[in-house]
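The values are calculated or read from the model by the stated rules, or taken from the named source; none is laboratory data. Owing to the predicted nature of the structure, the values given are computational and were not obtained by experimental measurement. Here the Cβ positions follow ideal geometry from the backbone for every residue, glycine too, while neighbour counts run over all protein chains shown.
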Amino acid sequence: MLKRIAILTNGGDAPGLNAVIRAIVKVAERNGIESYGFIEGYKGLLENNYVRLESNGNAAGLLHRGGTIIGASNNTNVFNLPVKDENGQTVYKDMSSKCVENLNNLGIDCLFTLGGDGTQKSARDLSIKGVNVIGIPKTIDNDVAHTDVTFGFNTAVEVATDALDRLHTTAASHHRVMVLEVMGRYAGWIALESAMAGGADVCLIPEIPYDIEKVAEKIKERQRDGKGFSIVVVSEGAKPKDGDIIIKRTLNEGKGVDNIRLGGIGDKIAKEIEEKTGIATRNTTLGYVQRGGSPIPYDRILSTKFGSKAMKLALEGKFNVLVTYNNGHLSYATLEDVVGRNKEIGAASGSTAETNIRRIEKDNEELIVAKDIGICFGD
């Protein structure tokens, strides 16, 4: 019998987080189960900082609210935490046992982890230490393994598409090339889908290293056809052939977390296009606008489905899994399968060689359609 469950939201915020919390709490209460939320993700779990969640109190009115009412952290790896020793030197310690102790003292029967690949990697590592965990895939990047879609992604695509619609009018009015840099880290889902929905002419994604000469030729071809403007979508993790991604800055937030912050590829592409085509080119970097604000109806519904399914899995005693959505149906995959080759306890996820994130494959149907209608990917 489950008596108490806890929720944490980790990593970057995404539209739909609060809707998942709402659904979990509602289903839990209908089954006589208490709900708690750890403040600021794994940081709150480590510090034993939590709050009781109730649907007629602090967990009410959440369906449309962006962000997360319990906060999030994207720089706390409890398995490799930087701490100061007696000499003031930074050393790394495995503090996960303290997290397990906090969960046991609070009487938590299941921990729900709302996050992306890094969050679920830590969830898998906690499950090995005896914690009952159920993951729910959250990221606007849509790159969590074993699920077709993550909540927050479609809202981000809608924001990017709206930006492209607005850039179109300026591009056409001034006969310019307009570049839009979007998020996505090491997967190009936001770029691909917004490019298709927003009528872009060029789309550059991490999965396909680009040749800037082919990009320039596409734009000059349009000019020869009497189309004096072009729209280019660039994923922040796109890179040229024989080149690498552009790193905006490198943080020092500890081992086992992604310390790389991407950004700047849009400005680079805009400069190169203008040099090679002679057409005035401007870049817009969409940034955090993509992940803020209210979720669209699709994500509100998907989040509610995820939250409800997660709580039902807990009631059935199916732990150490990730809720998934494939071919229009809810299901689940083991956290071991989600982690994939990245088996080392406390090791980072995402940018590592052993990552299991979901990228765009060459035989992806959307990619094929995009190429069929003439979108240039620089390959």
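In the list TYR36, TYR42, TYR50, which residue meets the criterion of being buried (at least 17 other Cβ atoms within 10 Å of the Cβ) and closer than 24 Å to GLU316 by Cα?
Numbers: TYR42 fails: closer than 24 Å to GLU316 by Cα; TYR50 fails: closer than 24 Å to GLU316 by Cα.
Residue meeting the stated conditions: TYR36.
Checked against the criteria, LYS84 does not count as over 24 Å from the mean Cα position of the chain (by Cα), modelled with pLDDT of 95 or more and basic (Lys, Arg). Among the criteria (1) at pLDDT below 95; (2) in a loop (DSSP other than H, G, I, E, B), the one ILE108 does not fulfil is (1). On inspection, ASP148 qualifies as modelled with pLDDT of 95 or more and either buried (at least 20 other Cβ atoms within 10 Å of the Cβ) or in a loop (DSSP other than H, G, I, E, B) (or both). Against the criterion of being among the charged types (D, E, K, R), part of a strand (DSSP E or B) and touching a residue at least 24 places away in the same chain (Cβ under 8 Å), GLU181 qualifies. Of all residues in region 184-205, those that are of a type in the set (Ser, Thr, Tyr) and touching a residue at least 40 places away in the same chain (Cβ under 8 Å) total 1. Listed by first and then second residue, the pairs with beta-carbon distance under 8 Å, at least 6 apart or on different chains, first residue in region 281-309 and in contact (Cβ under 8 Å) with a residue 40 or more places away in the chain, second part of a helix (DSSP H, G or I) and of a type in the set (Asp, Glu), are THR281/GLU274; ASN283/ASP267; THR285/ASP267; ILE296/GLU158. When ASP211 is tested against (1) charged (D, E, K, R); (2) under 16 Å from GLU274 (Cα atoms); (3) crowded, with 24+ Cβ neighbours inside 10 Å, just one condition goes unmet, and that condition is (3).
Filter region 1-47 down to the residues that are in a loop (DSSP other than H, G, I, E, B), among the small types (Gly, Ala, Ser) and either farther than 26 Å from VAL289 by Cβ or over 25 Å from the mean Cα position of the chain (by Cα) (or both) and list them by number. Selection gives GLY32 alone.
Of the residues making up region 270-293, those that are assigned to a loop (DSSP other than H, G, I, E, B) and under 16 Å from the mean Cα position of the chain (by Cα) are LEU286, GLY292, GLY293.
Within region 333-379, the set of residues being modelled with pLDDT of 90 or more, part of a loop (DSSP other than H, G, I, E, B) and under 19 Å from the mean Cα position of the chain (by Cα) comprises ARG358, ARG359, ILE360, GLU361. Residues in region 165-208 that are more than 30 Å from ALA145 (Cα to Cα), of a type in the set (Ser, Thr, Tyr) and buried (at least 22 other Cβ atoms within 10 Å of the Cβ): none.
Between GLY88, GLY66, GLY71, the distinction of being of a type in the set (Gly, Ala, Ser), farther than 25 Å from ASP117 by Cβ and part of a loop (DSSP other than H, G, I, E, B) belongs to GLY88 only. Restricting attention to region 226-245, the residues that are hydrophobic (A, V, I, L, M, F, W, C) and over 19 Å from the mean Cα position of the chain (by Cα) add up to 3.
Residues in region 301-313 that are buried (at least 22 other Cβ atoms within 10 Å of the Cβ) and of a type outside the set (A, V, I, L, M, F, W, C): SER303, GLY307. Being among the hydrophobic types (A, V, I, L, M, F, W, C) and surrounded by fewer than 24 Cβ atoms within 10 Å (Cβ to Cβ) holds for only one residue in LEU81, LEU111, LEU126, and it is LEU81.
Cβ separations smaller than 6 Å between residues 6+ apart or across chains give the following pairs from region 206-221 residues that are part of a strand (DSSP E or B) to residues that are modelled with pLDDT of 95 or more: TYR210/LEU204; TYR210/PRO240; TYR210/GLY378.
Could you tell me whether region 134-154 includes any residue that is touching a Cys at 6+ places or on another chain (Cβ under 9 Å), β-branched (Val, Ile, Thr) and farther than 30 Å from THR284 by Cα? Yes, the conditions are met somewhere in region 134-154. For region 48-63, the tally of residues that are over 18 Å from LYS305 (Cβ atoms), in a loop (DSSP other than H, G, I, E, B) and among the hydrophobic types (A, V, I, L, M, F, W, C) stands at 1.
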